[in-house]
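The block underneath contains the structure these notes are about, expressed in structure tokens.
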Amino acid sequence: GPADGFSRRVLGGWQVAMIGQMRSGSPLTAFVRTNRSRSQWAPSLGPGLGFDRPSLAPGRTPEDAVTGNPEQWFDPAAFVLQPAGTLGNLGRGALIGPDLKTIDLALVKRMAWSALGPSGRVELRIEGFNVLNRVNFGVPSLLAFAGLADNEPTLPTFGRIRSTVTSSRQVQVGARVVF
């Protein structure tokens with residue numbers, strides 16, 4: 001009947017487009033605020049240069065030092081301050097940060113509209129960004145120790161994540177008129 005024709009016109013003919021983005025976590029390096037090694041390296045953003053790095057506690061690995069908890073991405077017990085005058089044994093980029101997964105989705109329906117002329121049409125668009133509403137965390141704080149005294153604990157902010165790299169789910173609806 002007429003209801004079936006109307007339903008077919010409204011519900012049929014939609015096009016779907018999807019974009020997915022997935023990546024593993026980035027390599028990260030933990031640092032000591034002071035020049036505890038006495039190497040006289042000035043902190044720099046250049047590759048391989050910068051702040052001193054701490055040591056891993058005996059029996060710990062970079063893999064088990066990552067908790068995955070955004071309040072404390074790193075297990076503080078996995079790190080120790082290296083002795084003064086020495087370099088720490090934690091490798092550059094040895095730790096892994098949060099991964100990223102997001103899906104964007106678009107639904108588009110094109111309908112002819114003869115009142116707009118022979119090529120007239122209307123496009124309805126519904127677009128959703130991060131449709132699964134996954135939280136994609138930013139980089140955790142990488143400053144492990146102040147480096148002022150032997151046997152000091154890690155800084156309380158070490159490993160804390162304060163940001164996300166994608167927004168929460170967003171949906172927008174639009175119409176495009178072609179004539």
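Rounded to the nearest 20 debye, the dipole size of the chain about its Cα centre is 740 debye, using +1 on the Cβ of Lys and Arg and -1 on the Cβ of Asp and Glu.
Toward the positive end of the charge dipole of the chain, with +1 on the Cβ of Lys and Arg and -1 on the Cβ of Asp and Glu, the farthest Cα among A57, V80, N69 is that of N69. Working note: Karplus 6.51/-1.76/1.60 with θ = phi - 60° gives the range 138-154 the couplings x, 7, x, 4, 9, 7, 7, 9, 6, x, 8, 8, 4, 6, 6, x, 5 Hz, where Gly and Pro are set to x.
Each other residue within a Cβ distance under 14 Å of I126 adds +1 if Lys or Arg and -1 if Asp or Glu, for a net charge of +2. Phi angles of the range 61-76 translate, via the Karplus equation with coefficients 6.51, -1.76, 1.60 and θ = phi - 60°, into HN-Hα couplings of 10, x, 5, 7, 7, 8, 8, x, 8, x, 6, 7, 4, 10, 7, x Hz per residue; Gly and Pro are given as x. Share of carbon and sulfur in the accessible area of the chain stands at 59%, probe radius 1.4 Å.
What the Cβ-Cβ distance of A106 and L155 gives, at R0 = 41 Å and to the nearest 0.05, is a FRET efficiency of 0.40. Averaging the sequence gap over all C-alpha pairs within less than 8 Å and six or more residues apart, then dividing by the number of residues, gives the chain a relative contact order of 26 percent. On C-alpha positions alone, give me the angle between the axis of helix 2-11 and the longest principal axis of the chain, in degrees, nearest 10. It is inclined by approximately 30 degrees. Using alpha carbons only, the radius of gyration of the range 67-142 set against its Kirkwood radius gives Rg/Rh = 1.43. Phi angles of the range 28-35 translate, via the Karplus equation with coefficients 6.51, -1.76, 1.60 and θ = phi - 60°, into HN-Hα couplings of 10, 10, 8, 10, 10, 4, 9, 8 Hz per residue; Gly and Pro are given as x. At q = 0.15, 0.20, 0.21, 0.26 Å⁻¹ the log10 of I(q)/I(0) for the range 94-179 amounts to -0.74, -0.93, -0.96, -1.15, computed by Debye summation with a single uniform scatterer per C-alpha, solvent ignored. The H on the amide N of R53, modeled in the peptide plane, is under 5 Å from the matching H of V32, G88, each at least 5 residues off or on a different chain. Shape descriptor for the chain: Rg over Rh equals 1.31 (Cα atoms; Rh from the Kirkwood inverse mean 1/r).
Amide H to amide H, with H built 1.01 Å from N, F74 comes under 5 Å of T67, counting only residues 5 or more places away or on other chains.
The values are calculated or read from the model by the stated rules, or taken from the named source; none is laboratory data. Since this is a predicted model, take the numbers as computed values, not measurements. Here the Cβ is made from the backbone with ideal geometry for all residues, glycine too, and neighbour counts use every protein chain on show. Quick note on the areas: whole protein, heavy atoms, side chains included, nothing else; ligands and nucleic acids left out. Shrake-Rupley method; radii C 1.70, N 1.55, O 1.52, S 1.80 Å.
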